[in-house]
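One structure below.
Derivation of every value follows stated rules applied to the coordinates shown; laboratory data play no part. These figures come from a predicted structure and were not determined experimentally. Backbone-built Cβ (ideal geometry, glycine too); neighbour counts: all protein chains shown.
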Amino acid sequence: MPFLAPFRGTHRRRLRLVLKVALAVLALVLLKLLVHALGFERIGLNPLFSALVAATVFLQGFLLNGVLSDFKESEKLPAQLASVLENLALEIAAVPQHNPRAEVSAEVAAVLRLAYGVHTWLLGGWPPPG
């Protein structure tokens, strides 16, 4: 698309997406007009139809509101993961106090590797190199 040449990177992708959506909407409008002109409509425009559209928009608003609150809750996940892994390592390290013959160094190392893997994954570096 040569008319996209002045735009770069993200702007070009966004503009391309907007153009695709606009073309899809235009195609649907033309299809609706064709169906109306040929008399193949099964649901005519009436107050019930507009109420159905309004109710759908209303419900989608509720759904999007729930998604946004879940998104805000997801910001807490890294701290919660870190505290759970730290508590797990502390519990494993306390096992030798109850059973002096217990060898827990491999388990503590496994928790450390898991914590490193989660940290790497959260920073977008998964799978780890090597």
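General observations
- Sorted from longest to shortest, the spans of the Cα atoms of the chain along the three principal axes equal 86, 45, 22 Å.
- A dipole drawn for the chain from +1 and -1 charges on Cβ atoms has a positive end, and of Leu77, Thr10, Ala89 the residue lying farthest that way is Thr10.
- Its relative contact order, with pairs defined as Cα atoms under 8 Å and 6+ residues apart, puts the chain at 11 percent.
- Among the GluC sites (Glu not before Pro) found in segment 46-86, those both in a DSSP coil and sparsely packed, with 13 or fewer other Cβ atoms within 10 Å of their Cβ, are Glu75.
- Restricting segment 29-89 to trypsin sites (Lys or Arg not before Pro) in coil, as DSSP defines it, with at most 13 other Cβ within 10 Å: Arg42, Lys76
- For the chain, a simple Cβ point-charge model (Lys and Arg +1, Asp and Glu -1, everything else neutral) yields a dipole of about 960 debye relative to the Cα centre.
- Arranged from fewest to most other beta-carbon atoms within 10 Å of their beta carbon, His98, His11 become His98, His11.
- Cα shape, segment 78-130, gyration tensor, a/c 1.5 rule: oblate
- Gain on full extension, evaluated as 0.36 nm per residue between Leu114 and Leu88 minus their Cα-Cα distance, stands at 8.2 nm.
- Extension reserve of the Arg16-Val57 stretch, reckoned as 0.36 nm per residue once the Cα distance is removed: 12.2 nm
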